[in-house]
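Scroll down for the structure; my scribbles are underneath it.
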Amino acid sequence: MTPIPRLADTILLADDEPYNLGWLVEFIVSKGLKVVNARTVDEAIDSMSKHKYRAVVADLSIPVHDLSLVAPASPQERYPGLAIADIARTRGHLDRQVIIYSVHDDDIVRAESKRLGCTYLLKGRPRQFKEELVSVLSFDPLNQQQKQL
Amino acid sequence: MNSPHHPDALDLRLLANFIHQVVNPLNGVIGTVDNLLDGTVALDKRHQRLAAIRAQLEWSVMLVRNLAYFTESSLGVESRKQSPAAKICVIPQLVIEAALFFQESGLSEGINIHLEDRETQYAVRGSPDLLRQVFMNLLDNAVKYSDADSTVTIRPWIQKSTNHFILEVRNYGPGFRFDEAELLFKVGYRSEQAIKRVASGTGLGLFICRRILMEIDASIEAEYSRQNREVIMRLRFPNWEVM
C-alpha cells in the first residue's frame, strides 16, 4: 500500500465559513505555513485521503453531503466535524495535530475529543487558539522520529 | 407565537443558531484585533484589516437587528411599524448601501454585485432602515449561496400590466426545490441546499424580509430555475414613485 504523501508545511482547515477565519489564515501564513480549506466533511476526508497534513483544524458545525461519512447514532450526527477528527486520527495524525472547535461548550464533545485524543477549543478565544497552534507547530513528528532513528 | 415565558423548541433552536451566527464574525474581529496587536499583520495591510473588522461588526449588528425585529414583531410591538407618513425610501440608494457592505466578501469568491439602472430614482414610502435590512438580508443570501465567479444582479423595472414596481435580486447557485419556494419565508426554515453549503444559519432573514415588506403592502416571492441555476427573489411594490 502506497503511503499517503505528507505535507509538512500545510494545515488543513475544515470550515464552511472561511470568510470569518481570515485572521487564522493570516496567523498560520505568518508562521511560514500554507492553508488548505475544506468546506464540507466530504472535502476534508477527500483531502486527507490524498495528503497527510502538519495539522488538521476542524469546525464541528460543518456540512456533510454523504451521510455515510458520519457514524450513526453518535455525536458525529450533531457535530459532523467530529468525523473529520476521527478520520484524521485513524490516518496517522497525532493527537496534538488534530484540533476541533465550536461556538458551544458541550460535555459530549469534550468526552468525544478525549476519546479521540484531540484538542477541543471554543470560538471567541483566538489567543488561546493561536497558542495551541504555536504549540502544535513547535513539534514536527517526522523530525522527532528521524532524531530517534 | 409563544409567550416569552414559555419558549418552545423552535425558540431555543433559533436562539442557538443565532448565537452561532453572531459569535462567528465576532470571533473574526477578536482574532484580527489580536493579529494587529501582536504584529502578525504587516503595516501595509492594517487599513485593510480594519475595514474587515468594520464589515464583521456591521454584519453582527445586522444579525442582532434581525433578532430584534423578530422579537418585536413576535411580541406585537408596533413602535417601528411603518405609518403612511413614513419617510421616502430611495431604492437605488438603499440597494447600493447594502451592496457596498457585501462587495468585499463577494469579491473574495469572485462574486460581483451589479445594479441595473442606477439612474431612475424609484422610491417607496416606509422606513429606510427596515428596507435596507431587507436588501442586506437578500444580498447576504445571494452572496453566501452563489456559485463562485458569478454575478448577483439587482434589476428594478415596472410591470406594465399592473403598474407595480418590481425589484429582482438574481443570482446563480444551487437554489432550492420547487416545494420549498414558500417554506423559505417561514421562521427558522433553511433549504436543503443552503444547509449543504453552510451548516449554520438563523433561518430568519427571508421571514423578516416578508414581514417588513408586508407592512408597506409590498410582497416578496422566490423562484428557482434548475435549468440555468438561477435564483430570483422578486419584490413587488404596488405603491411607488420616481423622485
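The values are calculated or read from the model by the stated rules, or taken from the named source; none is laboratory data. Bear in mind the structure is a predicted one, so any value in this text is a computation, not a measurement. Counting neighbours? That spans all protein chains shown, and the Cβs are built from the backbone with ideal geometry, glycine included. Side chains are part of the model used for accessible areas, which takes the heavy atoms of the whole protein and leaves out ligands, DNA and RNA. Shrake-Rupley method; radii C 1.70, N 1.55, O 1.52, S 1.80 Å.
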Filter the stretch A:1-46 for residues that are farther than 17 Å from A:Val70 by Cβ and of a type in the set (S, T, N, Q); the one that is farthest from the other protein chains (Cβ to nearest Cβ) is A:Thr2
Selection over the stretch B:193-221 where residues are open to solvent by less than 10 Å² (accessible area, probe 1.4 Å) and touching an Asp or Glu at 6+ places or on another chain (Cβ under 6 Å) yields a count of 1
Scanning the stretch B:116-164 residue by residue, the ones that are part of a strand (DSSP E or B), surrounded by fewer than 23 Cβ atoms within 10 Å (Cβ to Cβ) and touching a helix residue (DSSP H, G or I) at 6+ places or on another chain (Cβ under 8 Å) total 3
Over the stretch B:174-192, the set of residues within 14 Å of another protein chain (Cβ to nearest Cβ) and either assigned to a loop (DSSP other than H, G, I, E, B) or open to solvent by less than 50 Å² (accessible area, probe 1.4 Å) (or both) is B:Pro174, B:Arg190, B:Ser191
Within the stretch A:1-32, residues of a type in the set (Ser, Thr, Tyr) and over 15 Å from the mean Cα position of the chain (by Cα) come out as A:Thr2, A:Tyr19, A:Ser30
Among helices (runs of 4 or more DSSP H) entirely inside the stretch A:36-133, those with 2 or more residues being small (Gly, Ala, Ser) are A:41-50, A:81-90, A:107-116
With the first residue restricted to the stretch A:106-133 and required to be over 17 Å from A:Ser61 (Cα atoms) and in contact (Cβ under 8 Å) with a residue 12 or more places away in the chain, and the second required to be acidic (Asp, Glu) and open to solvent by less than 30 Å² (accessible area, probe 1.4 Å), Cβ contacts under 9 Å at 6 or more apart or on different chains are A:Pro126/B:Asp34; A:Lys130/B:Asp34
Picking from B:Ile232, B:Ile216, B:Ile220, the residue that is assigned to a strand (DSSP E or B), touching a strand residue (DSSP E or B) at 6+ places or on another chain (Cβ under 7 Å) and under 25 Å from B:Ala86 (Cβ atoms) would be B:Ile220
